[in-house]
Amino acid sequence: MAGWFSARASADAKLLLATRALRGFADGAVSVILPSYLTAIGLGSFQVGAIVFGTLLGSAVLTLWVGLAGSRIAPRRILISASVLMFATGIGFFSAAGFWTLFAVAVIGTMNPSAGDVSLFLPAEQTALAESVADRDLTSMFGFYNVAGAIAGALGALASGIPAIVAARAGSRPVAAERMVFLGYSIIAIIAGVVYAKLRQPTHQAPPTGAGASLGKSRRMVLKLSALFSLDAFGGGFVVQSLLALWLFRRFNLDLEVAGTFFFAAGLLGALSQLLSTVVAARIGRVRTMAYTHIPANALLIAAALMPNARRAIALLLARSALSSMDVPARQSYVMAIVEPEERAAAASVTNVPRSLASAFAPLPAGALLDASNFGWPLICAGGLKILYDLILLAQFRSAHPADEEVN
């Protein structure tokens, strides 16, 4: 695999994998720290859910704006600008303490409460990555891309327990140490911006059209995929990493260090599964890979909600992590492979923006459910909606194969 990667990956692809890892580490840390910190400063579950809603809604609106701008803005410029906004977001969370101020920073900024990537960075990076390799290598390259983010995110989640350890040894308040993580988030943004500045400018530029207008013959298929991905994302919004951590804190009184270790293990399992996704997709196709791994993963999520103790719930959640991310590189590469090269930027925006919007609205009811009860209703809602998505995806797209895919 290492030899294949060195031979097939361009310089830009390697830079994009490096930035994905940097951002993954930052996201992994803040997604676990965020609910603990917000609870420690006196916010309730619904308010935590509202801030998570704000982060996802803001990212969706920014991504929509970039999509409508189309190819008038070079990907490198988008990514550098997003890094500046990421820096400001970290400073905002580090400095503010009131609910409404934090909510405003969440809406305007780039904070990611999810284990996956639902940010402004994603469409620009996906488009640039797709341009760096041949179609036959898309799933493998997206596998490396997502694995880089997943492993770094797992390490970030593990590191989220460090502030509590440092505070305990120093005899200080944990909340003060947790705030420092947001400062680290800003420092990582500076590093990422420097790396993005090294990306090459595109050698050609498409006409300045909007995202929807630049979709040609693939328009109908992309819109159907976008609607389906939105259903999946809405379900996933009930269990974004910050809310899943909040449920574990409330349901089982889990310590931050234990939660960080759990999310580290879950992230590693997810990363390994994404590498395996490439092999599975080559044998049975991208769509079947998405559905056949996703259905059992979400059945495990529902089962975890019913467990009476933390050990059993965590065991099922870890088993779910070994399957739940296998669809990610297959889904991303499917969209890039099913459309013409000149439509990729538009397809990335049209499929990612509704996903972000859909996932943004789930944390509000999830937070309300957690305020009303410690039972795992958000997990059950997520699992049920995502299984429905899998069944519809199979029914609609099982036979729709990209040109590079030969499946019996």
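We did not get these values from a lab; they are worked out from the coordinates using the rules stated. Bear in mind the structure is a predicted one, so any value in this text is a computation, not a measurement. Please note: Cβ atoms are built from the backbone with ideal geometry, for glycine as well, and neighbour counts cover all protein chains shown.
Counted residue by residue at 0.36 nm each, then reduced by the alpha carbon distance between them, the extension gain from I73 to R169 reaches 29.7 nm. Taken over the Cα atoms of region 190-344, the convex hull encloses 163 Å³ per residue.
Starting with the fewest neighbours, write out Y292, Y37 ranked by other beta-carbon atoms found within 10 Å of each beta-carbon.
Least crowded to most crowded, the residues run Y292, Y37.
Taken as Cα centroids, region 334-391 and region 239-267 sit 20 Å apart, rounded to the nearest whole angstrom.
A Cβ-based charge dipole, computed about the Cα centre of the chain with Lys and Arg at +1 and Asp and Glu at -1, lands at about 60 debye. Taking 0.36 nm per residue of separation and subtracting the Cα-Cα distance, full extension of the segment from A97 to I190 would add 31.1 nm. Shown for W65, W377, W247, W100: other C-beta atoms within 10 Å of each C-beta, ranked fewest to most, produce the order W100, W65, W377, W247. Counting only Cβ charges, +1 for Lys and Arg and -1 for Asp and Glu, the dipole size of region 310-376 around its Cα centre is about 440 debye. Given R0 = 30 Å, the distance between the Cβ atoms of A403 and R200 translates into a calculated FRET efficiency of 0.65. Secondary-structure-derived ellipticity at 222 nm for the chain, considering helices only, amounts to -26000 deg cm²/dmol, per-run term -39500 (n - 2.57) for DSSP H runs with n ≥ 4.
A convex hull fitted around the alpha carbon atoms of region 36-105 yields 80 Å³ per residue.
Rounded to the nearest 0.05, what FRET efficiency do S10 and S373 have when you use their Cβ-Cβ distance and R0 = 60 Å?
Working: r = 51 Å, r/R0 = 0.85.
Step by step, r from the Cβ atoms, then E = 0.75.
Rounded to the nearest angstrom and listed largest first, the equivalent-ellipsoid semi-axes of region 257-408 from its Cα gyration tensor are 30, 18, 14.
Across region 303-312, computed HN-Hα scalar couplings (Karplus, 6.51 cos²θ - 1.76 cosθ + 1.60, θ = phi - 60°) run 4, 4, 5, 8, 6, x, 9, 5, 4, 5 Hz from first to last residue, x flagging Gly and Pro. In region 275-408, a dipole from Cβ-located charges (positive for Lys and Arg, negative for Asp and Glu) runs towards its positive end, and of I284, V353, C381 it is C381 whose Cα lies farthest in that direction.
Annotation: the residues L16, L306, sorted from fewest to most other C-beta atoms within 10 Å of their own C-beta, follow the order L306, L16.
By how many degrees, between 0 and 90 and to the nearest 10, does the Cα long axis of helix 99-108 differ from the longest principal axis of the chain? Taking the Cα atoms of the chain, the angle to 99-108 is about 10 degrees.
Full extension of the segment from A88 to A227, taken as 0.36 nm per residue of separation minus the current Cα-Cα distance, would add 46.8 nm. Only one of the listed values, [x] 29, 61, 10, 0; [y] 22, 43, 25, 9, 1; [z] 27, 54, 13, 5, 2, 0, was derived from the coordinates as P(r) over Cα pairs in 20 Å bins from 0, in percent; which label is it? So the structure-derived entry is [x]. 3J(HN,Hα) along region 348-363, derived from phi through the Karplus expression 6.51 cos²θ - 1.76 cosθ + 1.60 where θ = phi - 60°, amounts to 4, 5, 5, 8, 8, 4, x, 4, 5, 5, 5, 5, 5, 8, 6, x Hz, with x in place of Gly and Pro. What the Kirkwood sum gives for region 127-168 is a hydrodynamic radius of 12.3 Å, with every pair of different alpha carbons counted.
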